[in-house]
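**Student:** Dropping the structure in here first, questions after.
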Ligand code: FRU
């Protein structure tokens, strides 16, 4: 496991060790192993010149750290190796990522797409720029052109890239290539501005027809998504000939405070997100790290919804049937609650005295509250729920409610019948109390160690 001997790091979630991390990058299966890269600033707990950190796993649950894969300073990426993706081709591992350059000390920046190649999956050789600013259609900004996500279809390579109109907001562009080196613009997939100021980290999943995008500074819609920066899924049909994507249905990926820029493996229906958020304080800075990734989540599109199941290696240590109320202790591990005809539920987690995080079924919806969780997290949001530490998630009212809660140092990931609500929390180190009360026809509680 990562950083196992330091109890002030997540025990099984991916971090960079020392330093800052943001988006997961380059999720790929190469020679039977799962590779995950991430935006990494190894010199500081603040965002800075972006490198690609690198971890590898045999089972998506236990991760081993590899050397930094990409560092800024090459052709096209003088000031940063921004987000991107990976693909296996000719038994080699290829990274398609955004090179970032500041223009001679001026405010403006240039973002281009660069390629790197590896024969062993550990050491990478850069090929420089493969999609330059001149390949943007007229009217799009060279300053905001980033985060290529590559896949294969019909004997060609395709990639979606976040872009912005000079006079507008975020767009998602489609490019194609025969050989990964030479790329052609195909279309502006949605053909209209996104609601935020910029689209980031688009991810297209051919098998489910799902486009995931993260939008910066998106205005909230009622209480549907209250984060200042939000990740949405769009289900639809991609017309490869014209590069247009017809949206049939859309929703948000996660109902919590800390989920952004998810990426999937092309060959597996599994996503990982950044389990933090821009424009909020990060109390973990004082422990020498900022930012972590979510656990991998198996995704399915069913009955008009994106459903997620966490992938964690666990061993059962306690099982209780016919639960109406119970007290337990858990700080790191997993619990599952299975209820028939649930009417009410209250869960207090990481509790010590008056410090706890709650999740309740109340007034026909789930309400998560981290206002008493411990160290406060302060953000730029102004809406009442965000200021009060609240997040809400719809209750589906199904006959069976299946809930999984994944606890690690500084995070709680809640899944109810496939919907997810992910948040960081900073309770006292010894806060491990759990209190559950339930009203249902029947309820089973299971506790696991993460192994
Ligand atoms: C999203 C993002 C990307 C960019 C990267 C830089 O969180 O802003 O658009 O490539 O982070 O670290």
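**Student:** With the stretch 196-304 as the region, which strands (runs of 3 or more DSSP E) entirely inside it contain at least 1 residues that are within 16 Å of the ligand (Cβ to nearest atom) and buried (at least 23 other Cβ atoms within 10 Å of the Cβ)? It would help to see each step written out before you state the result.
**Tutor:** Details: elements: 198-205, 210-216, 230-239, 244-252, 260-264, 270-274, 297-302.
Hits in the stretch 196-304: 198-205, 210-216, 230-239, 260-264, 270-274.
**Student:** Run residue 138 past the list (1) over 26 Å from residue 49 (Cβ atoms); (2) surrounded by fewer than 20 Cβ atoms within 10 Å (Cβ to Cβ); (3) in contact (Cβ under 8 Å) with a residue 12 or more places away in the chain and report the number of the one that doesn't hold.
**Tutor:** In the conditions (1) over 26 Å from residue 49 (Cβ atoms); (2) surrounded by fewer than 20 Cβ atoms within 10 Å (Cβ to Cβ); (3) in contact (Cβ under 8 Å) with a residue 12 or more places away in the chain, residue 138 misses (3) alone.
**Student:** May I ask you to verify whether residue 10 is within 23 Å of residue 423 (Cβ to Cβ) and within 11 Å of the ligand (Cβ to nearest atom)?
**Tutor:** When the stated conditions are applied, residue 10 does not pass them.
**Student:** Any idea which of (1) in a strand (DSSP E or B); (2) touching a residue at least 40 places away in the same chain (Cβ under 8 Å); (3) over 19 Å from the mean Cα position of the chain (by Cα); (4) away from the ligand (no atom under 13 Å from the Cβ) is the one residue 144 doesn't satisfy?
**Tutor:** Against the list (1) in a strand (DSSP E or B); (2) touching a residue at least 40 places away in the same chain (Cβ under 8 Å); (3) over 19 Å from the mean Cα position of the chain (by Cα); (4) away from the ligand (no atom under 13 Å from the Cβ), residue 144 comes up short only on (4).
**Student:** Take the stretch 168-183 and flag every residue that is assigned to a strand (DSSP E or B) and either more than 16 Å from the ligand (Cβ to nearest atom) or on the phi > 0 side of the Ramachandran plot (or both).
**Tutor:** Step one: of the stretch 168-183, the residues assigned to a strand (DSSP E or B) are 170-177, 183.
174, 175, 176, 177, 183, listed by residue number.
**Student:** Between a first residue in the stretch 337-362 that is without any contact (Cβ under 8 Å) to a residue 24 or more places away in the chain and a second residue that is assigned to a strand (DSSP E or B), which pairs have beta carbons less than 6 Å apart while being 6 or more apart in sequence or on different chains?
**Tutor:** Between residues of the stretch 337-362 that are without any contact (Cβ under 8 Å) to a residue 24 or more places away in the chain and residues that are assigned to a strand (DSSP E or B), the close pairs are 358/348; 358/369; 360/346; 360/367.
**Student:** Output the residue which, of all residues in the stretch 93-128 that are surrounded by fewer than 20 Cβ atoms within 10 Å (Cβ to Cβ) and under 14 Å from residue 72 (Cβ atoms), is nearest to the ligand (Cβ to nearest atom).
**Tutor:** Of everything passing the filter in the stretch 93-128, 109 is nearest to the ligand (Cβ to nearest atom).
**Student:** Based on what the data block shows, is residue 186 within 16 Å of the ligand (Cβ to nearest atom), part of a strand (DSSP E or B), free of Cβ contacts under 8 Å to residues at least 60 places away in the same chain and farther than 18 Å from residue 293 by Cβ? Talk me through it step by step, then tell me what you get.
**Tutor:** Working: within 16 Å of the ligand (Cβ to nearest atom): no; part of a strand (DSSP E or B): yes; free of Cβ contacts under 8 Å to residues at least 60 places away in the same chain: yes; farther than 18 Å from residue 293 by Cβ: yes.
For residue 186, the condition - within 16 Å of the ligand (Cβ to nearest atom), part of a strand (DSSP E or B), free of Cβ contacts under 8 Å to residues at least 60 places away in the same chain and farther than 18 Å from residue 293 by Cβ - is not met.
**Student:** Among the residues of the stretch 56-90, count how many are surrounded by fewer than 19 Cβ atoms within 10 Å (Cβ to Cβ), within 26 Å of residue 158 (Cα to Cα) and touching a residue at least 40 places away in the same chain (Cβ under 8 Å).
**Tutor:** 5
**Student:** Do we find a residue being farther than 18 Å from residue 402 by Cα and not in a loop (DSSP other than H, G, I, E, B) anywhere in the stretch 328-344? Even if it seems obvious, please write down each step before you answer.
**Tutor:** Here is the first cut: in the stretch 328-344, the residues farther than 18 Å from residue 402 by Cα are 328-332.
Those left that are additionally not in a loop (DSSP other than H, G, I, E, B): 328-329.
Yes, the stretch 328-344 has at least one match.
**Student:** Quick check on the stretch 379-390. Is at least one of its residues crowded, with 19+ Cβ neighbours inside 10 Å and in contact (Cβ under 8 Å) with a residue 24 or more places away in the chain?
**Tutor:** No, that holds for no residue.
**Student:** If you go through the stretch 21-44, how many residues are under 15 Å from the mean Cα position of the chain (by Cα), within 15 Å of the ligand (Cβ to nearest atom) and more than 15 Å from residue 89 (Cα to Cα)?
**Tutor:** Going through the stretch 21-44 one residue at a time, the tally reaches 9.
**Student:** Separate question: Within the stretch 147-158, restricting attention to residues that are within 15 Å of residue 189 (Cβ to Cβ) and more than 16 Å from the ligand (Cβ to nearest atom), which residue is surrounded by the most Cβ atoms within 10 Å (Cβ to Cβ)?
**Tutor:** Looking at residues that are within 15 Å of residue 189 (Cβ to Cβ) and more than 16 Å from the ligand (Cβ to nearest atom), I get 158.
**Student:** Based on this model, can you work out whether residue 358 counts as under 17 Å from residue 413 (Cβ atoms), in contact with a strand residue (DSSP E or B) (Cβ under 6 Å, 6 or more places away or on another chain) and part of a loop (DSSP other than H, G, I, E, B)? Show your work before the answer.
**Tutor:** Working: under 17 Å from residue 413 (Cβ atoms): yes; in contact with a strand residue (DSSP E or B) (Cβ under 6 Å, 6 or more places away or on another chain): yes; part of a loop (DSSP other than H, G, I, E, B): no.
Judged against the criteria, residue 358 is not a match.
**Student:** A further question on this structure: So for the stretch 159-167 (the condition being more than 16 Å from the ligand (Cβ to nearest atom), buried (at least 16 other Cβ atoms within 10 Å of the Cβ) and without any contact (Cβ under 8 Å) to a residue 60 or more places away in the chain), does at least one residue qualify? Step through it out loud before you land on a result.
**Tutor:** Taking the stretch 159-167 first, the residues more than 16 Å from the ligand (Cβ to nearest atom) are 165-167.
In the following step, the residues that additionally are buried (at least 16 other Cβ atoms within 10 Å of the Cβ) were identified as 165.
Now drop any that are not without any contact (Cβ under 8 Å) to a residue 60 or more places away in the chain, which leaves 165.
Within the stretch 159-167, one or more residues are more than 16 Å from the ligand (Cβ to nearest atom), buried (at least 16 other Cβ atoms within 10 Å of the Cβ) and without any contact (Cβ under 8 Å) to a residue 60 or more places away in the chain.
Values quoted throughout were computed directly from the atomic coordinates according to the rules given, and no laboratory measurement underlies them. All values reported here derive from a predicted model rather than from experimental measurement. Note: ideal-geometry Cβ built from the backbone for every residue, glycine included; neighbour counts use all protein chains shown.
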